[in-house]
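**Q** The structure that follows is given in the form of structure tokens.
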Amino acid sequence: MRTAAVLIVAVVLSTPLAAQETKQVPKDSVRVSIPGCVKGYVFTAGPRTQDEPGNSEITEGMHLRMNGPKKLMNEIKTHQGSMIEITGLMKKGQFKEGIGIGGGVRISPGSSSPGGMGPNPTAGQPQIDVEGWRPVAGFCRSQ
């Protein structure tokens, strides 16, 4: 009887560990964790901390389009105005268009579309496939 109880406890305790396994990262992608703020489906990267420097190509103020399961996205949206950290997959090299001039500002070529119609504002925006999030210390500026 005691052996059965120990076996049941061992199975129950090991179940959450199996659920936390992460997907394998494709060769053309990279897994990143970025602190910042959310507004709708747009994530604005915040300042990096010394203990979690992260990816240097994602600068403070950079906007990312978030993709993910509806339930996860609704969870994240409830934390608008609070600093969070998202973790997800991004394609390598998608955020290097244009020339960086500092302070999170980049100059890139404009559209050559006739009639003065500008390009789709989300067309060139870097995207992240969100896998998870967590609250972090800090605050978001009102937008």
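The values are calculated or read from the model by the stated rules, or taken from the named source; none is laboratory data. These figures come from a predicted structure and were not determined experimentally. No Cβ is skipped: glycine too gets one built from the backbone with ideal geometry, and neighbour counts run over all protein chains shown.
**Q** Exactly one of these conditions fails for VAL32: (1) modelled with pLDDT under 65; (2) within 17 Å of the chain's Cα centre (by Cα). Give me its number.
**A** Condition not satisfied by VAL32: (1).
**Q** Can you name every residue in the stretch 72-84 that is under 17 Å from SER33 (Cα atoms) and either modelled with pLDDT under 90 or polar (S, T, N, Q) (or both)?
**A** SER82
**Q** Follow-up question, since we're still on this one. Could you tell me whether the stretch 50-57 includes any residue that is at pLDDT 65 or above and in contact with a strand residue (DSSP E or B) (Cβ under 8 Å, 6 or more places away or on another chain)?
**A** There is no residue in the stretch 50-57 that is at pLDDT 65 or above and in contact with a strand residue (DSSP E or B) (Cβ under 8 Å, 6 or more places away or on another chain).
**Q** Which residue pairs have Cβ atoms under 7 Å apart, sit 6 or more places apart or on different chains, and have a first residue in the stretch 85-105 that is modelled with pLDDT of 70 or more and a second that is loosely packed, with under 12 Cβ neighbours inside 10 Å and part of a strand (DSSP E or B)?
**A** GLU85/ARG134; ILE101/ILE107
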